[in-house]
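Enquirer: Here's a structure for you.
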Amino acid sequence: MTLSLAYRNILRNKRRSILSGLAIFIAAIVLCLTVAFQEGMINDMVENIKNHVTGNVLIRNKEYGEHERIMPLQFNIPKVGDVIAKLESIPNVERATPKTSIPVQLYREGKTQNAQAVGIDFATSGFFNQKGTTLVEGTLAKEGTKECVITKTLADKYSLALGDKFTFLSKTATSGSNGMTVTICGIARFQDSDVEGTSFFLPYDTLGRMLRMGDGSLEIQVFTTKENMASRIEESLQRSDLEIRNWTEASIIIKMLQFTKLIYLFFEIIFFLLASTVIFNTTMMSVQERNKEIGTMVALGYSKRQVMFLFLEESAILSFFASLSGSLVAYVLISFMHAVGFDLNAMGGAAVNGMNFSSWIYPWLSYKGYLSIILLGTGIAVLTCTIPARRILKMEPAVALRSDC
Amino acid sequence: MITITLLALSLSAEDINSILEHYQKNIDLQSSVMEAKLVIKDSLGSSTSEIRSYTRKGGDTRLDVIGGPDKGQKILKKDSALYLYYPDSEEIIRLQGSNLKDSFLGSDFSYEDLTRDNDIQKNYEGTLLDENGYFHVMLKAKNRKQTYQQQELWLDRNTYVPVKTILYSASGKALRQIESSDIRNIDGSSFAMESKVVELLKNNSSTTMTITKIELNTLIKDSIFTKEDLAW
């Protein structure tokens with residue numbers, strides 16, 4: 001009954017209703033876009049972190065973790081092939097792949113430059129099995145060979161082409177140094193800004209040999225079909241020398257992102273509160289302008305609380321439809337942007353290297369995200385309007401009926 | 001009285017020069033071929049390497065790693081330049097700049113130590129601090145080019161071999177300590193067959209070098225000191 005009355009009241013002054021809803025409508029669009037950018041970025045970062053850094057579960061030598069600052073390569077995972085075979089026999093483990101990533105120096109024309117050598121198993125690694133990674137030229141490196149795949153950025157920086165050779169130098173697991181000349185067999189482009197820098201990829205066994213690690217690797221990334229498998233893997237492996245962690249614990253960036261999400265929620269609330277001031281103002285004016293109507297309704301038997309709820313229902317309907325329509329418009333915009341993508345580097349994204357940001361962002365918002373923005377927009381508007389609506393509770397019907405409006 | 005003091009001072013100056021001359025004589029050789037074992041220890045473990053070195057007058061040095069994890073690596077110091085050969089590398093690496101400070105085979109020696117000019121009298125000013133037991137000598141660099149701006153030596157009174165050396169930075173911070181033992185006379189020159197280097201800025205880090213074979217003033221082919229020979 002009050003709901004249809006509230007609906008009629010909204011339509012009574014269409015211009016004012018549209019104007020009031022407009023603020024929420026715009027706020028919903030802006031927030032949907034902001035959250036979609038944030039979600040798109042975080043989803044890509046999570047994808048990058050899983051594929052390039054941790055997998056679903058990251059395994060390292062415990063002592064390596066304790067002395068990570070000095071990169072003690074001697075604390076690797078020996079006989080990595082055997083460990084991987086055992087890992088792949090555990091239910092819900094999709095695949096396990098070795099990885100050794102270390103800073104090295106490229107030796108070019110008498111000068112040394114910093115680079116990152118990444119030793120992987122090309123067949124199972126997440127680096128070349130990910131959307132957004134393109135092998136621009138050539139092929140992937142074969143196991144046991146002194147071949148490598150370099151990033152497009154590295155190729156451009158040092159004018160390197162397919163078939164060229166270069167030498168790199170590194171500290172070894174025996175604390176000495178070693179150098180190796182490798183041939184470029186492929187050039188790839190990555191969207192992960194951390195990888196696309198000056199990384200090059202070579203078979204993990206070749207890098208292991210060069211680093212005097214034998215058949216070991218520094219890490220094993222385990223990809224699973226279920227989350228939080230670390231303790232299950234720990235039970236199956238029974239290796240006290242290994243540090244086995246879920247990806248959410250292994251990456252400090254993920255911990256930071258969880259905190260960032262809270263900050264974003266705070267800003268969302270502030271934004272809707274600001275937008276709700278328009279509805280707050282409208283409700284306040286309505287309460288003042290409709291004194292006689294309020295008085296009549298109370299005289300007819302409505303309780304003051306019912307009348308107050310009528311006003312709140314008006315605000316709820318208005319803000320709900322404004323949030324809904326704003327979200328629908330945002331949905332169309334986000335779908336388009338998701339298909340096209342945004343070049344983060346062109347927007348100054350290079351400054352955030354080191355956090356596995358993708359150079360291209362594809363904004364994305366889940367249905368849950370849209371729903372939460374609609375509910376948040378409606379909820380905050382209704383809460384804000386309780387302040388002017390509560391004035392009805394203090395109103396005397398006789399006084400209200402005698403008023404001019 | 002003043003005459004006696006001046007005479008004493010001049011005698012002291014003569015003494016330090018004579019000490020440094022003897023010291024220099026031990027390290028100033030026409031040539032040498034030496035094999036040594038390096039035992040490198042740090043807080044995370046230990047490793048052993050074997051090296052063969054060739055040196056000739058003028059400071060040219062060639063080091064071949066003949067045993068241990070880095071077997072096959074070769075280092076050539078020629079005309080103040082340092083070249084590295086790695087078996088897996090297709091080019092000879094010239095080491096320069098800050099890379100010279102890198103550790104040699106993970107030991108407490110840096111590549112910079114290998115390129116040092118050994119002419120003590122030319123590069124350092126000596127002061128005799130004490131002569132009870134050992135000649136306790138402080139050397140101060142005459143120019144800023146020297147890696148170690150101060151060296152404190154305790155020289156054996158008979159052989160002039162430093163049994164203990166502390167190397168200091170420009171700010172006077174003690175960087176390394178070298179203790180030598182098993183002093184032997186070989187073809188008129190005295191050598192410590194065992195030296196232990198301790199990196200004073202690191203915890204539990206030391207390198208012990210034991211000379212297993214030594215030949216002095218022997219003929220070494222010129223080709224040994226060429227870049228081309230490194231890759232052979």
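Enquirer: Which number in (1) open to solvent by 20 Å² or more (accessible area, probe 1.4 Å); (2) part of a strand (DSSP E or B) marks the one condition that residue B:204 misses?
Expert: Among (1) open to solvent by 20 Å² or more (accessible area, probe 1.4 Å); (2) part of a strand (DSSP E or B), the lone unmet condition for residue B:204 is (2).
Enquirer: Taking the stretch A:355-373, which residues are over 18 Å from residue A:134 (Cβ atoms) and outside any loop (DSSP other than H, G, I, E, B)?
Expert: A:367, A:368, A:369, A:370, A:371, A:372, A:373 - these are the residues of the stretch A:355-373 that are over 18 Å from residue A:134 (Cβ atoms) and outside any loop (DSSP other than H, G, I, E, B).
Enquirer: Of the residues in the stretch B:121-149, how many are closer than 18 Å to residue B:177 by Cα, in contact with a Ser or Thr (Cβ under 8 Å, 6 or more places away or on another chain), in a strand (DSSP E or B) and open to solvent by 20 Å² or more (accessible area, probe 1.4 Å)?
Expert: 2
Enquirer: Which of (1) open to solvent by 20 Å² or more (accessible area, probe 1.4 Å); (2) over 13 Å from residue A:377 (Cα atoms); (3) part of a helix (DSSP H, G or I) is the odd one out, the single condition residue A:269 does not satisfy?
Expert: (2)
Enquirer: Please tell me if residue B:113 is within 14 Å of another protein chain (Cβ to nearest Cβ) and under 19 Å from residue B:180 (Cβ atoms).
Expert: In short, no.
Enquirer: Can I ask one more? So for the stretch A:33-51 (the condition being open to solvent by less than 20 Å² (accessible area, probe 1.4 Å), away from chain B (no Cβ under 14 Å) and over 28 Å from the mean Cα position of the chain (by Cα)), does at least one residue qualify?
Expert: no
Enquirer: What is the one condition in (1) polar (S, T, N, Q); (2) open to solvent by 30 Å² or more (accessible area, probe 1.4 Å); (3) in contact with a strand residue (DSSP E or B) (Cβ under 9 Å, 6 or more places away or on another chain) that residue B:190 does not satisfy?
Expert: (2)
Enquirer: Since residue B:188 meets every condition but one in (1) closer than 24 Å to residue B:149 by Cβ; (2) at pLDDT below 90, which condition does it not meet?
Expert: Only one criterion in (1) closer than 24 Å to residue B:149 by Cβ; (2) at pLDDT below 90 is unmet by residue B:188, namely (1).
Enquirer: Keeping to the stretch A:67-120, report how many residues are in contact with a Phe, Trp or Tyr (Cβ under 8 Å, 6 or more places away or on another chain), within 14 Å of chain B (Cβ to nearest Cβ) and open to solvent by 20 Å² or more (accessible area, probe 1.4 Å).
Expert: Selection size over the stretch A:67-120: 5.
Enquirer: I'd like to check something: does the stretch A:206-222 contain any residue that is touching a strand residue (DSSP E or B) at 6+ places or on another chain (Cβ under 9 Å) and hydroxyl-bearing (Ser, Thr, Tyr)?
Expert: Within the stretch A:206-222, one or more residues are touching a strand residue (DSSP E or B) at 6+ places or on another chain (Cβ under 9 Å) and hydroxyl-bearing (Ser, Thr, Tyr).
Enquirer: Only one of these conditions is not met by residue A:199: (1) polar (S, T, N, Q); (2) at pLDDT 90 or above; (3) farther than 19 Å from residue A:210 by Cα. Which number is it?
Expert: It fails just one condition, (3).
Enquirer: Hand me the list of helices (runs of 4 or more DSSP H) wholly inside the stretch A:127-229 holding 2 or more residues that are over 24 Å from residue B:96 (Cα atoms), among the charged types (D, E, K, R) and open to solvent by 40 Å² or more (accessible area, probe 1.4 Å).
Expert: Fully inside the stretch A:127-229 and qualifying: A:152-157, A:204-210.
Enquirer: Then there is this: Here is a list: B:64, B:88. Which entry is over 28 Å from residue B:168 (Cβ atoms) and open to solvent by less than 20 Å² (accessible area, probe 1.4 Å)?
Expert: B:64
Enquirer: Restricting to the stretch A:193-221, name every residue that is at positive phi and not charged (D, E, K, R).
Expert: Answer for the stretch A:193-221, where residues must be at positive phi and not charged (D, E, K, R): just A:214.
Enquirer: In the stretch A:272-308, what count of residues is obtained for those that are closer than 24 Å to residue A:370 by Cβ, open to solvent by less than 50 Å² (accessible area, probe 1.4 Å) and either without any contact (Cβ under 8 Å) to a residue 12 or more places away in the chain or of a type in the set (A, V, I, L, M, F, W, C) (or both)?
Expert: 3
Enquirer: Tell me which residues, restricted to the stretch A:359-374, are open to solvent by 20 Å² or more (accessible area, probe 1.4 Å), among the hydrophobic types (A, V, I, L, M, F, W, C) and in contact with a Gly (Cβ under 7 Å, 6 or more places away or on another chain).
Expert: Hits for the stretch A:359-374 are A:360, A:364.
Enquirer: Does residue B:93 fit the bill of being open to solvent by less than 10 Å² (accessible area, probe 1.4 Å), of a type in the set (Val, Ile, Thr) and closer than 26 Å to residue B:202 by Cα?
Expert: Working: open to solvent by less than 10 Å² (accessible area, probe 1.4 Å): yes; of a type in the set (Val, Ile, Thr): yes; closer than 26 Å to residue B:202 by Cα: no.
Judged against the criteria, residue B:93 is not a match.
Enquirer: Further, regarding this structure: If we scan the stretch A:240-247, do we find a residue that is of a type outside the set (D, E, K, R), assigned to a helix (DSSP H, G or I) and either within 14 Å of chain B (Cβ to nearest Cβ) or under 20 Å from the mean Cα position of the chain (by Cα) (or both)?
Expert: yes
Enquirer: Looking at residue A:17, is it free of Cβ contacts under 8 Å to residues at least 60 places away in the same chain and not in a loop (DSSP other than H, G, I, E, B)?
Expert: No, not satisfied.
Enquirer: Of the residues in the stretch B:18-43, how many are small (Gly, Ala, Ser), away from chain A (no Cβ under 14 Å) and more than 25 Å from residue B:121 (Cα to Cα)?
Expert: 1
Every residue, every condition in (1) in contact with a Gly (Cβ under 7 Å, 6 or more places away or on another chain); (2) without any contact (Cβ under 8 Å) to a residue 60 or more places away in the chain, yes or no:
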site: B:86; (1), (2): yes, yes
site: B:107; (1), (2): no, no
site: B:120; (1), (2): no, no
site: B:128; (1), (2): no, no
site: B:151; (1), (2): no, yes
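Enquirer: Looking at the structure I just gave you, is residue A:302 at pLDDT below 85 and either of a type outside the set (Val, Ile, Thr) or within 16 Å of residue A:20 (Cα to Cα) (or both)?
Expert: Yes; evaluated as a whole, the condition is true for this residue.
Enquirer: What about residue A:153, is it within 24 Å of the chain's Cα centre (by Cα) and away from chain B (no Cβ under 14 Å)?
Expert: no
Enquirer: Looking only at the stretch B:44-103, which residues are within 14 Å of chain A (Cβ to nearest Cβ), under 20 Å from residue B:211 (Cβ atoms) and touching a helix residue (DSSP H, G or I) at 6+ places or on another chain (Cβ under 6 Å)?
Expert: B:74
Enquirer: Name the residue, out of B:66, B:16, B:51, that is part of a helix (DSSP H, G or I) and modelled with pLDDT of 80 or more.
Expert: Numbers: B:66 fails: part of a helix (DSSP H, G or I); B:51 fails: part of a helix (DSSP H, G or I).
Of the residues listed, the single one that is part of a helix (DSSP H, G or I) and modelled with pLDDT of 80 or more is B:16.
Enquirer: Does the stretch B:98-120 include one or more residues that are modelled with pLDDT of 90 or more, buried (at least 18 other Cβ atoms within 10 Å of the Cβ) and part of a strand (DSSP E or B)?
Expert: Checking the stretch B:98-120: not a single residue is modelled with pLDDT of 90 or more, buried (at least 18 other Cβ atoms within 10 Å of the Cβ) and part of a strand (DSSP E or B).
Enquirer: Considering (1) open to solvent by 60 Å² or more (accessible area, probe 1.4 Å); (2) touching a helix residue (DSSP H, G or I) at 6+ places or on another chain (Cβ under 6 Å), say which one residue B:182 fails and leave the rest.
Expert: That leaves (2) as the condition not met.
The values are calculated or read from the model by the stated rules, or taken from the named source; none is laboratory data. Since this is a predicted model, take the numbers as computed values, not measurements. Quick reminder, even Gly has a Cβ in these numbers, built from the backbone with ideal geometry, and neighbours come from all protein chains shown. These area figures cover heavy atoms from the full protein model, side chains too; ligands, DNA and RNA do not enter into them. Shrake-Rupley method; radii C 1.70, N 1.55, O 1.52, S 1.80 Å.
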